[in-house]
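Below is one structure; the comments refer to it alone.
The values are calculated or read from the model by the stated rules, or taken from the named source; none is laboratory data. Here the structure is a predicted model, which means the values were calculated and not measured. For neighbour counting, all protein chains shown are included, and Cβ atoms are generated from backbone atoms with ideal geometry for every residue, glycine included. These area figures cover heavy atoms from the full protein model, side chains too; ligands, DNA and RNA do not enter into them. Shrake-Rupley method; radii C 1.70, N 1.55, O 1.52, S 1.80 Å.
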Amino acid sequence: MTTNESVVGSGALSTGVVITGGASGIGLATARALAQAGRPVALWDINQAKAVSEAARIADEFGCAAVGVGVDLSDPSLYAAALRTTRSALTDIGGLVHAAGVVDTGSLDGVTVDVWDLGINTHLRPLILLIKELLPDFEANPGSAIVGIASINATLGNAVNPVYSAAKGGMLSMVRSLADRLGPAGIRINCVSPGQILTPMLQPTVDALPAGAFERRILLGRLGHPDEVARAVRFLLSAEASYITAAELVVDGGNISSQRM
């Protein structure tokens, strides 16, 4: 896959943010929340057409710079071109949100080398490789921050998706390690762990289960919305979170702590 772009808007109020998986779900909600606060955004997504169209919509609605970039994150050879496109569109880059993801649903029986590689190489490997590539940008922009979208599956046992769970658990550990490396430069890195959020990725599962299957365990009694996660991400990227790093912010409506059956 080649990279492409759609650059619209100008007049950045603060440094730009790269959002992987930015064309749908939590990634798109995050891009919109950041743009609403005046931050330029780069929407990276495997769906190039959607990334381009959503970037144009964001720029038109919020009046800030936005760029849509088509890139398959499981192929690191595409990162350089995507970064060139992004750097040419956004004057400064001071943030990264890694929200792109895939979900395996075959339990242990469904694990193959390809399934393992796709899960790890989509959720886990891109985060560390992109941080390495963007480090000069972050060092040049005081206050830079990074957020990885993990999951409550990093903590809860779930037989259905062992690769997804392993990747998200690995993300929590890797973020703590990277916080030690990045801290002396003043670069913060944290994770947000969503619970059951009604995204296009979750919708087929919701449709297949009996009504209320997820909700009965959640203390707030409902599924979450992508914008509720996005606001938590926006906070962690902001100066309001200037003394928070190596942390996991759980946004799950009270799922992990629940004893409901």
Handout entry: Whole-number accessible area per residue in Å² for the chain, which is evaluated in the context of all protein chains at 1.4 Å
Key = 45
Handout entry: Helical mean residue ellipticity (222 nm; -39500 (n - 2.57) per DSSP H run of 4+; nearest 500) of the chain
Key = -12500 deg cm²/dmol
Exercise for the section: State, as an integer percentage, the relative contact order of region 184-234 based on alpha-carbon contacts under 8 Å between residues 6 or more apart. Expected result: 46
Fill in the blank from the handout: Taking every other residue with Cβ under 15 Å from the Cβ of I128 and scoring Lys and Arg +1, Asp and Glu -1, one gets +3
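Expressed as a whole percentage, what fraction of the accessible surface of the chain belongs to carbon and sulfur atoms when a 1.4 Å probe is rolled over the protein heavy atoms?
Numbers: 6370 of 11620 Å².
About 55 percent, which is the carbon plus sulfur part of the accessible surface.
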Practice task
Please report the relative contact order for region 47-92, taking Cα pairs under 8 Å with a sequence separation of at least 6, and give it as a percent rounded to a whole number.
Solution key: 34
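Can you tell me, using C-alpha contacts under 8 Å and at least 6 residues apart, the relative contact order of the chain as a whole percent?
Values: 569 pairs, mean separation 48.4, N = 261.
That works out to 19 percent.
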Problem - Long-range amide H partners of G16 with built H, under 5 Å - result: D92, I93, G94
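With all pairs of different alpha carbon atoms counted, what Kirkwood hydrodynamic radius in Å does region 16-257 show? Walk me through the intermediate numbers first.
Details: mean 1/r = 0.0558 Å⁻¹.
So the Kirkwood estimate lands at 17.9 Å.
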Practice task
Search the structure for amide H atoms under 5 Å from the amide H of V251, placed 1.01 Å from N in the peptide plane, and list their residues when 5 or more places away or on another chain.
Solution key: S193, G195
Handout entry: Intensity falloff of region 48-190 expressed as log10 I(q)/I(0), Debye formula with alpha-carbon point scatterers, at q = 0.09, 0.16 Å⁻¹
Key = -0.32, -0.95
Exercise for the section: Using only the C-alpha atoms of region 134-217, find the volume of their convex hull and express it per residue in Å³. Expected result: 120
